Amino acid sequence: MKDCIFCKIANKEIPSKIIYEDDTIVVFQDIEPQAPVHVLIIPKQHISSLNDIDEDKAGIISHIFTQIPDLAKELGVHESGYRVVVNCGADGGQSVGHLHYHLLGGRSLTWPPG
Ligand code: AMP
């Protein structure tokens, strides 16, 4: 989608530190990491938010989750633990309107979130 920063990252129109990519998803370093490990997992297809997930997109969502254990291994947090977060909408803290999963780890993460 035109003017979507994460579509531009997926299309390599703007630079990012990509750590994994396949036909469906791109995983890259968050530009403002909140933990020693902080990557974003995005579908290449533009999906605005969790609110736009439906049965047609179930395959993409399933694919994201099936990649997470291997990503966690690659990032060195598979054993220590990690958190996967999706912010949705204004109150959820979503600042980029392209569905993304934060994978955070490398330190003890507080709960509940603020
Ligand atoms: P959210 O607040 O859940 O929408 O998360 C958006 C995330 O995207 C934030 O953690 C930002 O630091 C990150 N971000 C924004 N622009 C970029 C970029 N160009 N490259 C990498 N991460 C970005």
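The values are calculated or read from the model by the stated rules, or taken from the named source; none is laboratory data. This is a predicted model, so every value here is computed, not measured. Neighbour counts run over all protein chains shown; Cβ positions are idealised from the backbone, glycine included. Please note that ligands, DNA and RNA were not included when accessible areas were found on the heavy atoms of the full protein model with its side chains. Shrake-Rupley method; radii C 1.70, N 1.55, O 1.52, S 1.80 Å.
Descriptive notes on the structure:
- Dividing the helix sum by the residues of the chain, where each DSSP H run of 4 or more adds -39500 (n - 2.57), gives a mean residue ellipticity at 222 nm of -7000 deg cm²/dmol.
- The distance separating the Cα centre of region 40-94 from that of region 1-22 comes to 16 Å.
- In the full protein context, region 5-105 carries 54 Å² of accessible surface per residue, based on a 1.4 Å probe and ignoring ligands, DNA and RNA.
- ASP23 accessible area, assembled protein chains, probe 1.4 Å, Å²: 150
- Absence of a disulfide-compatible partner, taken as no other cysteine beta carbon within less than 4.7 angstrom, is noted in the chain for CYS88.
- At most 11 other Cβ within 10 Å, DSSP loop - GluC sites (Glu not before Pro), region 3-100: GLU13, GLU79
- Of the solvent-accessible surface of the chain, computed with a 1.4 Å probe over protein heavy atoms with every protein chain present, carbon and sulfur atoms account for 51 percent.
- Candidate lysines - alpha carbon under 24 Å from LYS12, same-chain residues fewer than 8 apart omitted: LYS2, LYS44, LYS57
- With the whole protein complex present, ILE19 retains an accessible surface near 50 Å², based on a 1.4 Å probe.
- The longest part of the chain holding none of the exposed loop trypsin sites (Lys or Arg not before Pro), meaning those outside H, G, I, E and B in DSSP with at most 11 other Cβ atoms within 10 Å, is 18-114.
- Cα-based helix-to-principal-axis angle, 58-75 vs the chain, degrees rounded to 10: 40
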